[in-house]
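Notes to accompany the following structure.
Read the figures in this text as sums done on the coordinates, not as results from a lab. Since the structure is predicted, the reported quantities are computational estimates derived from the model, not experimental observations. Note: ideal-geometry Cβ built from the backbone for every residue, glycine included; neighbour counts use all protein chains shown.
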Amino acid sequence: MTGYRGFIRGVVVWLALVLASGVGVALIDDGDPPASFFNDSDDSESSDSSSLDEDAIDTLRDQCGDGNLEACDKLYYEADIGSDDEEFGSTCGDRYATTEGDCEETYG
C-alpha cells in the first residue's frame, strides 16, 4: 500500500501545482490554454480579426453570393471567427451544408 499511497500523493501534489500555476485552471475551464501560455508578446491585435478590410470582405461576400466558390472559401478564411460572413462563406453562399472552407474542392 505504501507504493500506491505514494503514487496518489504525487498525483495530488502535481495537480495542485498545475492548478496553482493558472494554466491548469484555464485548461479545465474551456479546454484551451490561455494565449499567453504560448505567446508572451504584447500584441494588442486580436487573432480573431480579419486581415482584410470591410470593403474587401463585402466584395468577397458579393462574389460568393453570385456563385464564386473560390470567393466563398476565401471569405470563410478571412472573415472574423463566428461572424455571419464566416458562416455565409462556409455554406458556399447559403447553398450547401457547412463546408468549412472547402466549397471549391467539394462543389467546384
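List of remarks:
- From the list Gly67, Gly89, the one residue that fits, being closer than 18 Å to Gly108 by Cβ and exposed (fewer than 14 other Cβ atoms within 10 Å of the Cβ), is Gly67.
- Every condition in (1) in a helix (DSSP H, G or I); (2) under 21 Å from the mean Cα position of the chain (by Cα) holds for Thr59 except the one numbered (2).
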